[in-house]
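S.K.: Okay, here's the structure, questions in a sec.
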Amino acid sequence: MKEFNLKDYNRLCAKFLGWDVPENDNSFYVEKFSRVFKDDNSIELEYHWFKVEDLLFNEDWNWIMEVVENIEINGGAACIGDNNTVMLIFYISPENSYNKTRQLIGESKKEALVQVIWEFLNWYNENNTPNWQL
């Protein structure tokens, strides 16, 4: 398994969410879905400019859960159990599925979930779409 790298992890999360991530640039323009309610009752999307190192997929539960929700929308499931485990399952076909359970030994649930997401995204990158490479 590839050693955890925060910059690569953030890139993989952003790509998995469908954000435009240039390969050779440390900054990229993403459409972060933030609603701004105007006085005339209209809704406007705000666009944000991020550097890879400013992404919060490893520390902010809201960002982490965006990735988890996208995993679930695309056929996966994530579970944080009471018995100090984090489990992530993803199914593409009978021949191509992912099932990882991680015991929380000396880790917070957030750290364990981030690690499982990292391992999953590397697996997904290698097994799902040839054009979806880090």
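S.K.: Kindly provide the set of residues from region 49-68 that are part of a helix (DSSP H, G or I) and without any contact (Cβ under 8 Å) to a residue 24 or more places away in the chain, ordered by number. Walk me through it before giving the result.
M.R.: Step one: of region 49-68, the residues part of a helix (DSSP H, G or I) are 52-54, 61-68.
Selection gives D54, N62, M65.
S.K.: I'm trying to understand the selection: among the residues of region 41-73, which are of a type outside the set (A, V, I, L, M, F, W, C) and modelled with pLDDT of 80 or more?
M.R.: Our first condition is that a residue be of a type outside the set (A, V, I, L, M, F, W, C); within region 41-73, this holds for 41-42, 44, 46-48, 51, 53-54, 58-60, 62, 66, 69-70, 72.
Within region 41-73, D54, N58, E59, D60, N62, E66, E69, N70, E72 meet the criteria.
The values are calculated or read from the model by the stated rules, or taken from the named source; none is laboratory data. None of these values were measured; they are calculated from a predicted model. Positions of Cβ are generated from backbone atoms using ideal geometry, with glycine treated the same way; all protein chains shown enter the neighbour counts.
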